[in-house]
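The values are calculated or read from the model by the stated rules, or taken from the named source; none is laboratory data. Bear in mind the structure is a predicted one, so any value in this text is a computation, not a measurement. Please note: Cβ atoms are built from the backbone with ideal geometry, for glycine as well, and neighbour counts cover all protein chains shown.
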């Protein structure tokens with residue numbers, strides 16, 4: 001199946017821990033994104049990578065560090081997790097210039113306790 | 001700064017009705033507009049993509065229109081079914097250094113059997 005896949009689907013962890021979320025796309029897209037959906041269901045961009053290069057960093061705390069080993073993968077590492085980091089994190093991909101829209105993964109629900 | 005507003009925030013209608021969801025955006029300089037569907041606890045499913053040069057797109061019982069000059073889009077759902085119950089998200093693609101989606105907060109739609 002052609003898709004954007006994220007792992008894990010659910011992540012429950014204690015404050016202060018470090019965790020990673022992985023994302024892979026097999027659509028051949030050259031741009032990947034991380035979006036955060038908060039408790040009010042509002043989706044906002046965090047990062048964008050084009051062909052392994054960071055393009056957008058939307059004033060996200062530097063505890064969040066994206067890493068793109070190749071254009072098909074974009075992982076999100078979070079250090080020193082805080083309660084406020086609890087949210088659903090979505091990975092997405094697109095082809096620039098975009099004529100066919102964005103494809104989103106199924107999301108990772110992060111709960112910090 | 002681009003802002004996207006969706007009205008109404010929630011809508012409940014009986015099965016079989018035709019309905020319209022509204023989306024407005026503050027800056028007409030958009031690249032594309034994309035409508036998504038999100039089921040509870042799930043990811044985003046792309047419904048329709050309207051490029052900035054287009055005025056509407058249709059897929060099955062769904063029709064989306066775009067009026068860039070007035071900053072508006074509508075999603076028309078014909079002959080609604082209980083399976084249409086979900087949150088519908090409108091997103092505009094803009095270029096601020098790089099391309100990204102700016103989302104509205106969604107319309108939560110409930111179709112009653």
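Of the numbered criteria (1) in contact with a strand residue (DSSP E or B) (Cβ under 7 Å, 6 or more places away or on another chain); (2) farther than 16 Å from residue A:30 by Cβ, the one residue A:55 fails is (2).
Of everything listed in (1) touching a helix residue (DSSP H, G or I) at 6+ places or on another chain (Cβ under 8 Å); (2) at pLDDT 95 or above, the single unmet condition for residue B:81 is (1). For residue B:100, the conditions (1) touching a residue at least 12 places away in the same chain (Cβ under 8 Å); (2) within 14 Å of chain A (Cβ to nearest Cβ); (3) assigned to a strand (DSSP E or B) are fulfilled apart from (1). Within region B:24-38, if we keep just the residues that are more than 10 Å from chain A (Cβ to nearest Cβ) and more than 28 Å from residue B:85 (Cα to Cα), the residue that is surrounded by the most Cβ atoms within 10 Å (Cβ to Cβ) turns out to be B:30. Of the numbered criteria (1) within 14 Å of chain A (Cβ to nearest Cβ); (2) over 12 Å from the mean Cα position of the chain (by Cα); (3) closer than 20 Å to residue A:106 by Cβ, the one residue B:85 fails is (1).
Can you pull out every residue in region A:17-35 that is over 9 Å from residue A:72 (Cα atoms), surrounded by 19 or more Cβ atoms within 10 Å (Cβ to Cβ) and either more than 10 Å from chain B (Cβ to nearest Cβ) or without any contact (Cβ under 8 Å) to a residue 24 or more places away in the chain (or both)? The answer is A:21, A:34.
Per-residue answers, yes or no, for (1) within 14 Å of another protein chain (Cβ to nearest Cβ); (2) crowded, with 17+ Cβ neighbours inside 10 Å; (3) closer than 14 Å to residue A:112 by Cβ; (4) without any contact (Cβ under 8 Å) to a residue 12 or more places away in the chain:
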{"site": "A:14", "(1), (2), (3), (4)": "no, no, yes, no"}
{"site": "A:37", "(1), (2), (3), (4)": "yes, yes, no, no"}
{"site": "A:42", "(1), (2), (3), (4)": "yes, no, no, yes"}
{"site": "A:49", "(1), (2), (3), (4)": "yes, yes, no, no"}
{"site": "A:69", "(1), (2), (3), (4)": "no, no, no, no"}
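Just so you know, in region A:76-113 the residues that are away from chain B (no Cβ under 14 Å) and part of a loop (DSSP other than H, G, I, E, B) include one that is nearest to residue B:32 (Cα to Cα), and it is A:86. Looking only at residues in region A:51-67 that are more than 15 Å from residue A:89 (Cβ to Cβ) and either touching a helix residue (DSSP H, G or I) at 6+ places or on another chain (Cβ under 8 Å) or assigned to a loop (DSSP other than H, G, I, E, B) (or both), the one that is farthest from the other protein chains (Cβ to nearest Cβ) is A:62.
If I filter region B:93-113 down to residues being buried (at least 21 other Cβ atoms within 10 Å of the Cβ) and modelled with pLDDT under 90, which single residue comes out as farthest from residue A:45 (Cα to Cα)? Per the criteria, the residue is B:99.
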